[in-house]
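Step one of this worksheet: look at the structure below.
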Amino acid sequence: MKIIMLGAPGAGKGTQAKKIADQYEIPHISTGDIFRANIKNGTELGMEAKKYMDQGLLVPDELTVKILLDRVAKEDCRNGYVLDGFPRTIPQAEVLDKALKERGDAIDYAVDVDVPDENIVKRMSGRRACLSCGATYHMEYIPPKKDGVCDRCGNVLTLRDDDKEEIVLKRLKAYHEQTQPLIQFYKEKDVLRTVDGTKPMQEVFDSIVAVLSR
Ligand code: AP5
Ligand code: MG
Ligand code: ZN
């Protein structure tokens with residue numbers, strides 16, 4: 001099964017994508033996580049991506065597309081994957097579409113996790129992330145067992161650089177201008193499924209599982 005997660009920054013794409021990946025035993029691929037891992041390791045790609053990410057802007061398609069296409073060509077993606085944070089622009093979606101079509105393949109579902117802007121800023125300020133394994137927590141809604149420490153791997157949790165309020169507002173702007181048009185794009189392909197992302201995490205997941213079997 002090939003699934004795309006759509007939704008504003010902080011809508012819960014990553015949270016839900018990890019649960020989908022566990023349930024359907026497919027890899028969870030987040031372009032944001034790939035960039036953050038590169039930043040942490042000080043690679044050239046990381047340095048370049050950071051310039052944009054720190055300003056709440058999208059990383060240029062030229063940098064993003066190749067990374068994603070290389071990743072989905074790997075052996076573990078044979079039975080599908082869940083993409084979190086890609087595509088984020090119409091040109092990215094078109095490239096992915098074309099690459100899949102060449103193999104007689106297509107995306108099965110694009111799940112839009114719908115959360116209004118008002119809820120987003122609050123969520124972001126409470127988010128803590130593990131830069132080692134990619135796990136995410138929320139100080140209020142989904143706290144780790146031990147304060148400031150990742151349940152999964154024991155590393156310290158950090159506030160993402162781009163989760164400061166003024167940057168979150170810029171990311172929302174980029175979302176509305178560049179990413180939201182993908183909702184119509186996938187609707188026309190008849191693969192769009194929308195879920196209410198304001199519900200508690202498990203309820204959101206249950207509604208995703210329900211729409212994936214339709
Ligand atoms: P990326 O890492 O993809 O960030 P994003 O889209 O801005 O989304 P987030 O990861 O912030 O939110 P999320 O929807 O995953 O929410 P989460 O589950 O964490 O991208 C970062 C940057 O990288 C971009 O700005 C861009 O510069 C660059 N980039 C990445 N991909 C790119 C691409 N394809 N092209 C160009 N540039 C690209 O949840 C948020 C919080 O809410 C958490 O604390 C969570 O615990 C909590 N939460 C989750 N669900 C619920 C719930 N139901 N109720 C209450 N709290 C909840
Ligand atoms: Mg995420
Ligand atoms: Zn961890």
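Summing Lys, Arg as +1 and Asp, Glu as -1, what charge do residues with Cβ under 12 Å from the Cβ of THR89 carry, THR89 excluded?
With Lys, Arg at +1 and Asp, Glu at -1, the net is -3.
Report, by chain and number, residues whose modeled amide H sits under 5 Å from the one on ARG128, excluding near sequence neighbours (fewer than 5 apart, same chain).
Amide H neighbours of ARG128, under 5 Å, 5+ apart: TYR137, HIS138, MET139.
If you average the C-alpha positions of the range 193-214 and of the range 77-124 separately, how far apart do those two centres end up, in angstrom?
The range 193-214 and the range 77-124 have Cα centres separated by 16 Å.
With n ≥ 4 as the cut-off for DSSP H runs, can you work out [θ] at 222 nm for the chain, using -39500 (n - 2.57) per run divided by the number of residues, rounded to the nearest 500?
-13500 deg cm²/dmol
Between GLY46, GLY12, GLY56, where does the largest GNM mean-square fluctuation fall for the chain, given springs only between Cα atoms within less than 10 Å?
Of GLY46, GLY12, GLY56, the most mobile in the Gaussian network model is GLY46.
Given a 1.4 Å probe, how much area per residue of the chain is accessible, in Å²?
Ligands and nucleic acids excluded, the figure is 52 Å² per residue.
If we sort 119-131, 189-201 on the protection proxy, mean other Cβ atoms within 10 Å, highest first, what's the order?
In decreasing order of mean packing, 119-131, 189-201 become 119-131, 189-201.
Karplus couplings for the range 117-132 from phi (6.51 cos²θ - 1.76 cosθ + 1.60, θ = phi - 60°), rounded to Hz, Gly and Pro as x?
My calculation for the range 117-132 gives 3, 4, 6, 5, 4, 5, 4, 5, 5, x, 6, 10, 10, 9, 7, 7 Hz in order.
Under 17 Å from a point placed 7 Å out from the Cα of ASP108 along the Cα-to-Cβ direction: which residues of the range 1-32 have their backbone N that close?
Residues 1-6, 17-29 qualify, since their backbone N sits under 17 Å from the label point.
Kindly write out, for the range 146-161 in residue order, the coupling ³J(HN,Hα) from the Karplus curve 6.51 cos²θ - 1.76 cosθ + 1.60 (θ = phi - 60°), rounded to whole Hz, with x marking Gly and Pro.
Result, rounded to whole Hz: 10, 3, x, 10, 5, 4, 6, 10, x, 7, 6, 8, 10, 7, 5, 4.
In whole Hz and in residue order, list the ³J(HN,Hα) couplings for the range 205-214 that follow from phi through the Karplus curve 6.51 cos²θ - 1.76 cosθ + 1.60, θ = phi - 60°; x for Gly and Pro.
Per-residue couplings from phi come out as 4, 4, 6, 5, 4, 5, 6, 6, 9, 8 Hz.
List the GluC sites (Glu not before Pro) in the range 1-66 that DSSP assigns to loop (not H, G, I, E or B) and whose Cβ has at most 14 other Cβ atoms within 10 Å. Which are they?
Counting only loop positions with at most 14 other Cβ atoms within 10 Å, the GluC sites (Glu not before Pro) in the range 1-66 are GLU25.
Just the number, please: percent antiparallel of the DSSP beta bridges in the chain, rounded to the nearest 5.
30 percent
Whose amide H sits under 5 Å from the amide H of TYR81, counting only residues 5 or more places off or on another chain, with H placed in the peptide plane?
Residues meeting the amide H criterion: LYS2, ILE3.
Starting from the Cα-Cα distance between ALA99 and ARG152, subtract it from 0.36 nm times their residue separation and give me the gain in nm to one decimal.
That works out to 15.6 nm of additional length.
Using a 1.4 angstrom probe on heavy atoms only, work out the carbon and sulfur share of the accessible area of the range 15-148 in %.
51 percent
So how strong a dipole does the range 84-214 carry about its Cα centre when Lys and Arg Cβ are +1 and Asp and Glu Cβ are -1, to the nearest 20 debye?
300 debye
Counting other C-beta atoms within 10 Å, and keeping those with at most 16, which DSSP coil chymotrypsin sites (Phe, Trp or Tyr not before Pro) do you find in the range 118-214?
Of the chymotrypsin sites (Phe, Trp or Tyr not before Pro), the ones in loops of the range 118-214 whose Cβ has at most 16 other Cβ atoms within 10 Å are TYR141.
The values are calculated or read from the model by the stated rules, or taken from the named source; none is laboratory data. Computed from a predicted model, the values in this text were never measured in an experiment. Ideal geometry is used to build each Cβ from the backbone, glycine not excepted, and the neighbour counts take in all protein chains shown. To get the accessible areas, we keep the full protein, side chains included, count just its heavy atoms, and leave off ligands, DNA and RNA. Shrake-Rupley method; radii C 1.70, N 1.55, O 1.52, S 1.80 Å.
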